[in-house]
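The values are calculated or read from the model by the stated rules, or taken from the named source; none is laboratory data. Keep in mind that this is a model prediction, so the values were computed, not measured. Every residue, glycine among them, receives a Cβ derived from its backbone with ideal geometry; neighbour counts consider all protein chains shown. Please note that ligands, DNA and RNA were not included when accessible areas were found on the heavy atoms of the full protein model with its side chains. Shrake-Rupley method; radii C 1.70, N 1.55, O 1.52, S 1.80 Å.
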Amino acid sequence: MSMLGMKWKLHGNGKSIKPGHVVAPDERLAWPLTIGVGMQHVVAMFGATFLVPIITGMPPATTLFFSGIGTLLFLVITKGRVPSYLGSSFAFIAPIMASQQQFGVPGALGGVVLAGVALALIGAIVQKFGAEWINRLMPPIVTGAIVALIGLNLAPAAKQNFDAAPVTAVITLATIILVSVLFRGIVGRLSILVGVVVGYLVAMLRGEVSYEKMDAAAWVGLPYFQTPEFHVGVLGLFIPVVLVLVAENIGHVKSVAAMTGQNLDGVSGRALMADGAATVLAGIGGGSGTTTYAENIGVMAATKVYSTAAYWVAGVFAIVLSFSPKFGELIATVPPGVLGGAATMLYGMIGVLGVKIWVQNKVNFSNPVNLTTAAVALIIGIADYTWTVGELKFTGIALGSIAALVIYHGMKAIAKARGSVAEPETEVSGLPPAARAANAAAKRAPKKR
């Protein structure tokens, strides 16, 4: 059982946590409390995990099933060292929607599988050689640009749903905004879920919800499974997503390491491989791609419980819920207006997360390499530039991601060879902007002999 990460020590008396202490990944509280925390993790991931299949038209129950299976697989592969829930990744929304238009749902699932394979391979390389090469390939300016353009590329989809029922959409969005500042703790963290619930009630009163499919569905039954098809044309849509998943996964592992005080560098490759394997399974069976969830990291920060036992409970509970077709069809009744309000916030948050990466890493936009990388990549992604080569169709996300990588590394190589860029890549702390500009000018000035 210890090889599976399922051998937990009881934390203290199992009923309380002393101030300044945390429940470590290899510890647990008493089972009634652990089950309660596990169910709370399901609530935390609920809104975000279901938004992806609802927006993309995938079966919600199937996605829930594979998120539970993926979570348990993740815990096994990481040997219980990394507490994390694997829910639906927002990064897959744009490529799934785009590939469905060209190749239908099976083609989109094929793209999910290929992305999972690529992520697992990267994880194997990281486990063997470390993650430093990823940091060199994708420095903060590149990672931030790719994350930002994926979110902002989806803006037209949010507007389309918003326009379908503007009143409901406005109420949904307003609720999300107010809840995030009116409440503390778990309620504030679940602002999107609360907003969707309130918006759904408004849509019901306005006659915008249909229950025909839900009424016809059985209470108990298997999720709807479907198999993928593989097309070369989806590669340009899904490969950029892998870069985001890598950055996201490693970031989450570092966050958990910081909160638990444990060094998890040795298991970061396993975390990537587990995420990739879970995504492959989801794509094979008809679910959406997975990723480690920040929502559940928030729950751990609030409860101080990092026990992987709680995640075993969450994974099993999610699987049990997925075996109710009626429950799945109920989730699928969420109307466009509610989705439009939630997506306006959600897609914007993804875009701002990219900016957050720049801010946290003090990216210096006085450096022309950084400025050009971000500027060109964002416009290509937001405007959704396209380029077709035979069966391959590269859209804004793919082209923007490629542009970020090529421009950054190309300009950096030329600038290094010519010695033409004096500004550092990151902000120099402790100096005001005027002083930094003066220092940069002094470096550019010819030296007296």
Check on residue 274, surrounded by 22 or more Cβ atoms within 10 Å (Cβ to Cβ) and of a type in the set (Gly, Ala, Ser): yes
- request: Select, from 125, 96, the only residue that is at pLDDT 85 or above, on the phi < 0 side of the Ramachandran plot, of a type in the set (A, V, I, L, M, F, W, C) and surrounded by 24 or more Cβ atoms within 10 Å (Cβ to Cβ).
  value: 96
message: I'd like to verify a number: residues in region 397-422 that are in contact (Cβ under 8 Å) with a residue 24 or more places away in the chain and of a type in the set (S, T, N, Q), how many?
response: 1
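Would you confirm, using the coordinates I've provided, whether residue 315 is in contact (Cβ under 8 Å) with a residue 60 or more places away in the chain, in contact with a Ser or Thr (Cβ under 9 Å, 6 or more places away or on another chain) and open to solvent by less than 20 Å² (accessible area, probe 1.4 Å)?
yes
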message: Step by step: first the residues of region 22-36, then only those that are surrounded by 23 or more Cβ atoms within 10 Å (Cβ to Cβ) and of a type in the set (A, V, I, L, M), then the one that is nearest to residue 346 (Cα to Cα). Which residue is that?
response: 23
query: Would you say residue 149 is touching a Leu at 6+ places or on another chain (Cβ under 6 Å), open to solvent by less than 10 Å² (accessible area, probe 1.4 Å) and in contact (Cβ under 8 Å) with a residue 24 or more places away in the chain?
result: yes
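Anything in region 322-352 that is of a type in the set (Val, Ile, Thr), within 19 Å of residue 161 (Cβ to Cβ) and open to solvent by 10 Å² or more (accessible area, probe 1.4 Å)? List them, or say none. Break it down stepwise before answering.
Narrowing region 322-352 to residues of a type in the set (Val, Ile, Thr): 331, 333-334, 338, 344, 350, 352.
Next, from what is left, pick out any that are within 19 Å of residue 161 (Cβ to Cβ): 331, 333-334, 338, 344, 350.
Of everything in region 322-352, those that are of a type in the set (Val, Ile, Thr), within 19 Å of residue 161 (Cβ to Cβ) and open to solvent by 10 Å² or more (accessible area, probe 1.4 Å) turn out to be 331, 333, 334, 344, 350.
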message: Going residue by residue through region 66-76, is there one that turns out to be out of contact with any strand residue (DSSP E or B) (no Cβ under 7 Å at 6 or more places or on another chain), free of Cβ contacts under 8 Å to residues at least 60 places away in the same chain and of a type outside the set (S, T, N, Q)?
response: no
- request: May I ask you to list the residues in region 199-248 that are within 29 Å of residue 351 (Cα to Cα) and open to solvent by 50 Å² or more (accessible area, probe 1.4 Å)?
  value: 201, 231, 232, 235, 239, 248
task: Please specify each residue of region 172-192 satisfying the condition of being more than 20 Å from the chain's Cα centre (by Cα) and modelled with pLDDT under 85.
output: 183, 184, 185, 187
query: What's the number of the condition residue 389 fails, among (1) at pLDDT 75 or above; (2) surrounded by fewer than 20 Cβ atoms within 10 Å (Cβ to Cβ); (3) of a type in the set (A, V, I, L, M)?
result: (1)
message: Scan region 199-212 and tell me whether some residue there is of a type in the set (D, E, K, R), assigned to a loop (DSSP other than H, G, I, E, B), without any contact (Cβ under 8 Å) to a residue 40 or more places away in the chain and farther than 24 Å from residue 104 by Cβ.
response: no
- line: By residue number, the members of region 99-109 that are over 29 Å from residue 316 (Cβ atoms) and buried (at least 24 other Cβ atoms within 10 Å of the Cβ) are 99
query: Does any residue of region 43-50 turn out to be modelled with pLDDT of 85 or more, open to solvent by less than 60 Å² (accessible area, probe 1.4 Å) and among the small types (Gly, Ala, Ser)?
result: no
task: Tell me, please, whether a residue that is touching a residue at least 40 places away in the same chain (Cβ under 8 Å), under 23 Å from the mean Cα position of the chain (by Cα) and not in a helix (DSSP H, G or I) can be found in region 157-171.
output: no
